[in-house]
Amino acid sequence: MTATRHFFASLDWVLAMSVFALIIFGIVTMKALGPGVSVETDYFFYRQLLWIAVGLAAFFAASIVNWSFFKTNGVFLLIGYVFSLFLLAFVLAINDAVRGAESWINLGFFFVEPGEITKLILVLLLAKFLSRRHIFIGRISTLLISGFYAAVPALLIFLQPDFGSAAVIGLLWIGMSLSAGIRIRHIAVLAIFVAIGAVTAWQFFLLPYQKARITAFLNPYADVRGSGYHAMQSKIAVGSGEFFGRGIGLGTQSRLAFLPEHETDFIFAAFAEEWGFFGTLLFLCFYGIMLWRILLAGMRGESNFEKLFAIGLAIVLFSQATIHIGMNLGIFPVTGLGMPFASYGGSNLITMLFALGILQSFSVHRHTT
């Protein structure tokens, strides 16, 4: 009984409630309302309830485990890293495209997206690597090794093609390296490599539809019925919400299917249409609270490993949410990234809840290591 009380007392309930609010906002936006609603029309809603249940179980399971062994033993992380690379390569090999991308493994009852698992493993691996070598972070060898860890999965994900997740991994590596103490001159070198990589990718790697998305982002009015359709409908949905929104279940763009993939890629636009500016502001406030509590948990960590893990997790969530909102507002090209905790999908939701469970375990076991 005492151990149970200690466990629940150690959990960050402010963080938990902010995440729970985001999940509720998401499933409410997915829920079909009005006459004629059935299990078929509410497919995404009921499936998401299942993923939420599995994700909560993963959260509490991860909170119970003492993950401090990662500080001194990186063998399990390396095994996990290699396994994630195998899954990413397997996705490319089976060539089973879903919505134009080879990002999922079909297991029959559900799809698994290895890229989401890879993000978490990479956060853990970089936290372990950089925390053990923070004194030598100024050495180019340290940056090259950590960059290699990030570059391989980023390349495999980019080839799927999933530009959004590849960008998140790149931002994760840069952000964690900066937090560990990268030198200013290294930033300039990174910028040069990024510029060269962008030009090379445009010339040799980007597929025609990816180039069309970028072109549509620069000038969405050039092809409003083709490559610019998603961006235009998303901007219409956000703008039509005005200050107070159309009301829950009354969004015409999403409910009447003018806005494609409104439960995944464009959940923010669908939410903004129904809740308006003030509802969207509340939505973003909960995201801010979540990120603040994650970083606060890292500051309270006993070692650099906990601190860097929290920073890495915050970077993944912040960058993915920023890219998602940006593409919904027409600021960024459409990349297919969902909104963490709000968009439909089990892989991201379960993985991120599991990651939060690892973060909470640092507080639960703080005085036992």
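Read-outs: derived from the displayed coordinates by stated rules, not from any lab. Given the structure is predicted, the values throughout are model-derived calculations rather than measurements. Here Cβ is always computed from backbone atoms with ideal geometry, including for glycine, and neighbour counts include all displayed protein chains.
Quick notes on this one:
- Derived scalar couplings ³J(HN,Hα) [the stretch 265-281; Karplus, 6.51 cos²θ - 1.76 cosθ + 1.60; whole Hz; x for Gly, Pro]: 5, 10, 5, 5, 5, 5, 5, 4, 5, 8, 9, x, 4, 5, x, 5, 4
- Computed extension length for GLU302-ILE145: 54.0 nm, one decimal, from 0.36 nm per residue of separation with the Cα-Cα distance subtracted.
- Net length gained if the chain between VAL14 and ALA89 were fully extended (0.36 nm per residue, minus Cα distance): 23.1 nm
- Formal net charge of residues neighbouring THR72 (Cβ-Cβ distance under 11 Å; K, R +1; D, E -1): +3
- Each residue of the stretch 349-361 was assigned a 3J(HN,Hα) from its phi angle through the Karplus expression (A = 6.51, B = -1.76, C = 1.60, θ = phi - 60°), giving 4, 5, 5, 5, 5, 5, 4, 5, x, 4, 4, 5, 5 Hz with x at Gly and Pro.
- Computed label-point distance, nm, for sites VAL28 and CYS285 using a 7 Å Cα→Cβ extension: 1.3 nm
- Between the beta carbons of PHE277 and THR72, assuming R0 = 51 Å, the FRET efficiency works out to 0.55 to the nearest 0.05.
- Restricting the stretch 279-369 to trypsin sites (Lys or Arg not before Pro) that sit in a DSSP loop and have at most 15 other Cβ atoms within 10 Å of their own Cβ leaves ARG300, ARG366.
- Vicinal HN-Hα couplings computed from phi for the stretch 235-243 (Karplus, 6.51 cos²θ - 1.76 cosθ + 1.60; Hz; Gly/Pro x): 5, 5, 4, 5, x, 5, x, 6, 7
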